[in-house]
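Structure record follows, encoded as structure tokens.
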Amino acid sequence: MLDSWLQSLQDSPPATAIREGATLFPWIECVHVLALTVVVGSIAVVDLRLIGWASRDRSVGEVSATTLPITWSAFAVALLTGSLLFSSNATTYAHNIFFQLKMALIVAAGANMGLYHLLIGRDARQWRTVADTPVRARITGAVSLCLWVAVVAFGRWIGFTINAPT
Amino acid sequence: MQSLESFCTWLAATPVSQAFQTTEWVIPAVQTVHILCVAAVMSSVLLTDLRLAGLGDRSQPFAAVARRYLPFIWWPLPVLLATGTILIVAEPGRALQNPVFVLKMALLVSAAAITLAWQLPLARNASFWDGPDGRRPAARLVALASILVWVAIVFAGRWIAYIQTN
């Protein structure tokens with residue numbers, strides 16, 4: 001059922017064009033890598049402030065307000081380009097353990113962020129200094145940072161476990 | 001180019017290169033660290049350049065934004081050079097005999113020059129770029145050049161994998 005859907009995705013005209021074109025895949029991959037560096041780097045700005053290792057003189061609210069719009073824009077681009085890359089070889093990627101783990105880690109990072117926004121970070125506006133930042137928020141930042149590092153690692157390992165230029 | 005080719009052949013035959021080539025996790029792990037450092041640099045460059053262009057967070061002077069992110073632009077560079085060197089030792093011909101790699105190194109020198117071009121005047125005069133003197137057009141030009149060159153570095157980095165040289 002799922003496999004037949006993946007196969008029809010892979011046979012769709014855009015996916016076929018990406019797979020068979022000489023330069024389409026690398027160009028989309030370039031944009032994907034650029035977007036993911038901005039996602040991971042900008043989210044790390046917030047995480048490092050939550051942990052208390054950087055931007056120590058700024059409130060968590062200020063740091064989030066200036067960087068998270070950039071994170072979300074870059075995430076949208078990474079999601080779009082990632083979906084296009086996936087479609088070009090959907091059946092192979094879907095069965096790759098590193099791809100599966102990467103998706104699970106992104107879901108976990110999203111859940112961690114959701115937990116932060118709904119519960120842990122509700123009074124984030126009052127966390128003016130590192131000393132004001134509660135331990136639960138610091139843990140959320142550390143978890144986020146670890147998850148995104150792992151997402152990058154698993155993403156790189158996908159390329160080495162399917163037959164592709166690395 | 002005869003001597004470069006023989007150098008690459010010699011390097012690839014050294015015990016250290018052989019060890020990198022035969023230990024499966026080395027290249028993906030080192031590439032992961034490399035990409036994470038690129039993420040730090042790319043996001044710091046973007047956040048600084050947006051503010052330099054007058055688009056980012058205006059609640060604080062440019063000098064404060066620059067002071068926050070400059071360490072994350074310069075300090076990853078030694079790690080990038082170290083991890084890049086390991087990748088070259090592991091696969092010498094892939095990079096050294098690749099015109100895209102040469103282009104990437106030239107772009108990297110340009111990026112460093114552009115960063116110094118805004119950093120050095122700022123060190124002498126904290127309000128150099130966003131003072132009342134009206135340097136906004138120049139600031140925008142420098143910011144745009146910086147972003148374009150860094151994006152080109154990321155793209156070139158990925159294209160190294162797709163340009164076959166021998």
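General observations
- Among the residues of segment B:111-164, those that are polar (S, T, N, Q) and in a loop (DSSP other than H, G, I, E, B) comprise B:Asn125, B:Ser127, B:Gln164.
- If you go through segment A:35-56 and keep only what is touching a Lys or Arg at 6+ places or on another chain (Cβ under 9 Å) and either over 24 Å from B:Leu70 (Cα atoms) or surrounded by fewer than 23 Cβ atoms within 10 Å (Cβ to Cβ) (or both), you end up with A:Ile51, A:Gly52, A:Ala54, A:Ser55, A:Arg56.
- Residue satisfying condition, being touching a residue at least 12 places away in the same chain (Cβ under 8 Å), surrounded by fewer than 17 Cβ atoms within 10 Å (Cβ to Cβ) and assigned to a helix (DSSP H, G or I), within set A:Gly110, A:Gly82, A:Gly61, A:Gly141: A:Gly61
- The set of residues in segment B:35-67 being assigned to a helix (DSSP H, G or I), touching a Lys or Arg at 6+ places or on another chain (Cβ under 8 Å) and within 7 Å of another protein chain (Cβ to nearest Cβ) consists of B:Ile35 alone.
- Residue count, segment A:41-89 (criterion: among the polar types (S, T, N, Q) and either in contact with a strand residue (DSSP E or B) (Cβ under 6 Å, 6 or more places away or on another chain) or within 26 Å of A:Asp3 (Cα to Cα) (or both)): 5
- For A:Glu29: the one exception among (1) acidic (Asp, Glu); (2) part of a loop (DSSP other than H, G, I, E, B); (3) within 16 Å of the chain's Cα centre (by Cα): (2)
- Residues that are assigned to a helix (DSSP H, G or I) and surrounded by 19 or more Cβ atoms within 10 Å (Cβ to Cβ) within segment B:90-110 comprise B:Ala90, B:Pro92, B:Arg94, B:Ala95, B:Phe101, B:Lys104, B:Leu107, B:Leu108, listed in sequence order.
- Tabulated pairs, segment B:139-156, first more than 16 Å from B:Leu122 (Cα to Cα), second small (Gly, Ala, Ser), C-beta under 6 angstrom, 6+ apart or interchain: B:Val149/B:Ser110; B:Val149/B:Ala111; B:Trp150/B:Ala111
- Of the residues making up segment B:127-165, those that are β-branched (Val, Ile, Thr), within 14 Å of chain A (Cβ to nearest Cβ) and more than 16 Å from the chain's Cα centre (by Cα) are B:Ile163, B:Thr165.
- The listed residue being closer than 29 Å to B:Phe155 by Cα and without any contact (Cβ under 8 Å) to a residue 40 or more places away in the chain, out of A:Ser55, A:Ser42: A:Ser42
Every number in this text was worked out from the coordinates using simple rules, so none of it is lab data. Predicted model, so just to flag it, every value in this text is computed and none were measured. Because the Cβ atoms are built from the backbone with ideal geometry, glycine has one as well, and the counts that use them run over all protein chains shown.
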